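Enquirer: Have a look at this one before I ask anything.
What follows is calculated from the coordinates using simple rules that are stated; it is not laboratory data. Every value quoted in this text rests on a predicted model; they were computed, and no experiment measured them. Because the Cβ atoms are built from the backbone with ideal geometry, glycine has one as well, and the counts that use them run over all protein chains shown.
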Amino acid sequence: MDILLGAPVWYGNRPFKRTIEELYKLELDYFEFSLDYPLPDCMEETERKEIKELLEEFGLKIAFHSPLDISVTHPRDEVADASMTVLRRCMNFSADFLPISLYYNLHLNPRVSTFKLDEVREEIIIKSLDRCEEIAEMASEFGLLVSVENDLVPFEWSDLIFEALSLSATNLYLTFDVGHAIMAEETHPKIKRGGGSYLDYLKRWVERCRDKIRVVHLHDCSLTEKQDHLSIGRGELDFDAVFDLLKSTDCKYLVIETFWRNKDKEEMTYEELRRNVEFCRSYL
């Protein structure tokens, strides 16, 4: 698999210089930089320049994760309009890192409680697809590849993503979060399924979106304790089977998105991340 390997970086990982230096020691190819508040506005030009210089010095690339506090497909126009304003500012920031900026990752699900109701979801999808076309146009304007991520939403309720990926007027791709795909089913027991294991949940996504999967967020899961984002090998997933599935996709970028070292939710260390990196390298 010819895939670039990355790790997440967020505001809490300051100072960024030290974090980037540590990731370079792990021989990663890039990092996915989350633009959660107060980023990107709080970043002065000097700090931005420092990051660019470090990327050039280490031969690293960068990708971006859209803020989690915006909702670009929210059914209330006032909320969606404000979110689109923030999105434009974040995309503009990301474009400043071209040509080493790989992609811009974002979430589409509006996170409203009524989304699980069929009639409400259908209305939201109709309104949201116009927003998706706007997002695609904005990405084209900035020269960015946009990849939308599956949320903790069951496959049966993920119509919005499927419709957005199939729009002929857009060039959107999928960030396939392995843990989200599994936990969305495990934590929604009222969804009617045809039976099967967590691998069946993953297979449905791969079969539906195989050619559109450009990015993968990979981590382990505890099915018994309903935890995801665990260090690889600390949960219950069969990674031989998981990587067999991923090899059948058009994935180009893989983020080791492990927030917790174990089921007790002890924070990850660089040494534990190193083990994860070496593990994934053995499959790539």
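Enquirer: Within the set of pairs 6+ apart or on separate chains, which have a first residue in segment 159-185 that is within 26 Å of Leu237 (Cα to Cα), a second that is of a type in the set (Asp, Glu) and surrounded by fewer than 22 Cβ atoms within 10 Å (Cβ to Cβ), and C-beta atoms under 7 Å apart?
Expert: Note: pairs meeting the criteria are Thr175/Glu149; Asp177/Glu149; His180/Asp151.
For every residue, the table says whether it meets (1) touching a residue at least 40 places away in the same chain (Cβ under 8 Å); (2) buried (at least 19 other Cβ atoms within 10 Å of the Cβ); (3) among the polar types (S, T, N, Q).
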site	(1), (2), (3)
Leu28	yes, yes, no
Asp36	no, no, no
Glu44	no, no, no
His74	no, yes, no
Glu78	no, no, no
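Enquirer: Moving on. Would you mention how many residues in segment 139-175 are farther than 21 Å from Ser94 by Cα and hydrophobic (A, V, I, L, M, F, W, C)?
Expert: Here the count works out to 11.
Enquirer: Mind checking which residues of segment 207-261 are among the basic types (Lys, Arg) and out of contact with any Cys (no Cβ under 9 Å at 6 or more places or on another chain)? Reasoning before the result, please.
Expert: Pass one, segment 207-261, residues among the basic types (Lys, Arg): 208, 210, 212, 214, 226, 234, 247, 252, 261.
Those that are among the basic types (Lys, Arg) and out of contact with any Cys (no Cβ under 9 Å at 6 or more places or on another chain): Arg208, Arg210, Lys212, Lys226, Arg234, Lys247, Lys252, Arg261.
Enquirer: If you don't mind, there's one more thing I want to ask. Can you tell me which residue is nearest to Glu278 (Cα to Cα) among those in segment 4-31 that are in a helix (DSSP H, G or I) and among the aromatic types (Phe, Trp, Tyr)? Reasoning before the result, please.
Expert: Narrowing segment 4-31 to residues in a helix (DSSP H, G or I): 11-13, 16-25.
Checking which are among the aromatic types (Phe, Trp, Tyr) leaves us with 11, 16, 24.
Values: Tyr11: 26, Phe16: 23, Tyr24: 14 Å.
The selected residue is Tyr24.
Enquirer: Let me ask you something else. Starting from residues that are part of a helix (DSSP H, G or I) and over 17 Å from the mean Cα position of the chain (by Cα), keep the ones in segment 161-173 and report whichever is surrounded by the fewest Cβ atoms within 10 Å (Cβ to Cβ). Walk me through how you get there before you give the answer.
Expert: Our first condition is that a residue be part of a helix (DSSP H, G or I); within segment 161-173, this holds for 161-166.
Okay, now just the ones that are also over 17 Å from the mean Cα position of the chain (by Cα), so 163, 166.
Numbers: Glu163: 15, Ser166: 12.
The extreme case among them is Ser166.
Enquirer: Of the residues that make up segment 90-107, is at least one touching a Ser or Thr at 6+ places or on another chain (Cβ under 8 Å), more than 16 Å from Pro67 (Cα to Cα) and of a type in the set (A, V, I, L, M)?
Expert: Within segment 90-107, the first condition is being touching a Ser or Thr at 6+ places or on another chain (Cβ under 8 Å), and the residues that meet it are 90, 94-95, 101, 103-107.
So of that shortlist, the ones also more than 16 Å from Pro67 (Cα to Cα) come out as 101.
From the residues that got through so far, the ones that are of a type in the set (A, V, I, L, M) too are none.
No: zero hits.
Enquirer: A further question on this structure: Select from segment 130-156 the residues that are more than 18 Å from the chain's Cα centre (by Cα) and in contact (Cβ under 8 Å) with a residue 24 or more places away in the chain and list them in ascending order. Give the derivation first.
Expert: Narrowing segment 130-156 to residues more than 18 Å from the chain's Cα centre (by Cα): 130-131, 133-134, 137-138, 140-143, 156.
Answer for segment 130-156, where residues must be more than 18 Å from the chain's Cα centre (by Cα) and in contact (Cβ under 8 Å) with a residue 24 or more places away in the chain: Arg131, Glu133, Glu134, Met138, Ser140, Phe142, Gly143, Glu156.
Enquirer: Please enumerate the residues belonging to segment 255-284 that are free of Cβ contacts under 8 Å to residues at least 40 places away in the same chain and among the aliphatic types (A, V, I, L, M).
Expert: Result: Met268, single match.
Enquirer: Within the bounds of segment 117-138, is there any residue that is under 24 Å from Phe31 (Cβ atoms), of a type in the set (A, V, I, L, M), out of contact with any His (no Cβ under 9 Å at 6 or more places or on another chain) and assigned to a helix (DSSP H, G or I)? Walk me through how you get there before you give the answer.
Expert: Looking only at segment 117-138, we keep the residues that are under 24 Å from Phe31 (Cβ atoms), and these are 135, 138.
Narrowing further to those that are of a type in the set (A, V, I, L, M): 135, 138.
The next check asks that each one be out of contact with any His (no Cβ under 9 Å at 6 or more places or on another chain); those that pass are 135, 138.
Add one more test, that the residue is assigned to a helix (DSSP H, G or I), and what stays is 135, 138.
Looking through segment 117-138, at least one residue is under 24 Å from Phe31 (Cβ atoms), of a type in the set (A, V, I, L, M), out of contact with any His (no Cβ under 9 Å at 6 or more places or on another chain) and assigned to a helix (DSSP H, G or I).
Enquirer: State the number of residues belonging to segment 221-261 that are β-branched (Val, Ile, Thr) and more than 19 Å from the chain's Cα centre (by Cα).
Expert: So in segment 221-261, the residues β-branched (Val, Ile, Thr) come out as 224, 232, 242, 249, 255-256, 258.
This time we only want the ones that are more than 19 Å from the chain's Cα centre (by Cα), so: 224.
The total comes to 1.
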